[in-house]
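Report on the structure given below.
The values are calculated or read from the model by the stated rules, or taken from the named source; none is laboratory data. The structure displayed is predicted, hence computed values, not measured ones. Every residue, glycine as well, gets a Cβ built from its backbone with ideal geometry; the counts of neighbours run over all protein chains shown.
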Amino acid sequence: MSKVLYIEDHPAQRDILAQMLELNGFEVATASDGQEGVEKTRAWLPDLILMDLRMPRMDGFEAIKIIRSEDKTAAIPIIAISAWASAKHKERALAAGANEHFTKPVDLNRLLTTINRYLKG
């Protein structure tokens, strides 16, 4: 079973997407901000990370940079998920090291297709 870490500060969004991922056969862990997400990434070593960008304590951009800078976690695929829809924010997420950028609300079927593509890759 593939392990997905979902880093999102909004509890309702985090819970709903985590449940959807579990229903689709993934083992899911969650974190409520970038700092907790980096710590869980180091400890749990997920197969893929879903990362919100705008969060307290440490935003997703900084968390992505830290994850990418460490040998144990550098190759984990990261999909940024954000309410920020501008090209500037997408470019910034990709420049930080995200593999993909999705805008909220997320199209679940498209997200699952993308997750599966990275996990099979």
Contact list, first residue from the range 96-118 and within 20 Å of I66 (Cβ to Cβ), second anywhere and at pLDDT 95 or above and of a type in the set (S, T, Y), beta-carbon distance below 6 Å, six or more apart or interchain, is E100/T114
Tell me which of these A43 doesn't satisfy, since it passes every other one: (1) farther than 14 Å from I7 by Cβ; (2) of a type outside the set (S, T, Y); (3) surrounded by fewer than 13 Cβ atoms within 10 Å (Cβ to Cβ). (1)
Return only the number of the condition from (1) at pLDDT 95 or above; (2) of a type outside the set (G, A, S); (3) closer than 15 Å to E100 by Cα; (4) out of contact with any strand residue (DSSP E or B) (no Cβ under 9 Å at 6 or more places or on another chain) that K88 does not satisfy. (1)
Out of S86, S82, report the one residue that is farther than 17 Å from F26 by Cβ, among the polar types (S, T, N, Q) and crowded, with 18+ Cβ neighbours inside 10 Å. S82
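Has the range 27-47 got at least one residue that is in a loop (DSSP other than H, G, I, E, B), touching a Ser or Thr at 6+ places or on another chain (Cβ under 6 Å), modelled with pLDDT of 95 or more and not aromatic (F, W, Y)? So that I can check it myself, show each step before the final result.
The initial filter retains those residues of the range 27-47 that are in a loop (DSSP other than H, G, I, E, B), namely 32-33, 45-47.
Checking which are touching a Ser or Thr at 6+ places or on another chain (Cβ under 6 Å) leaves us with 47.
Keeping just the survivors that are modelled with pLDDT of 95 or more gives 47.
Checking the rest, the ones that are also not aromatic (F, W, Y) come to 47.
Yes, because at least one residue in the range 27-47 is in a loop (DSSP other than H, G, I, E, B), touching a Ser or Thr at 6+ places or on another chain (Cβ under 6 Å), modelled with pLDDT of 95 or more and not aromatic (F, W, Y).
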Which residues, counting only those in the range 1-26, are in a helix (DSSP H, G or I) and either in contact with a Leu (Cβ under 7 Å, 6 or more places away or on another chain) or closer than 19 Å to E70 by Cα (or both)? M20
If I go through the range 53-94 residue by residue, how many of them are of a type in the set (G, A, S) and in contact (Cβ under 8 Å) with a residue 24 or more places away in the chain? 6
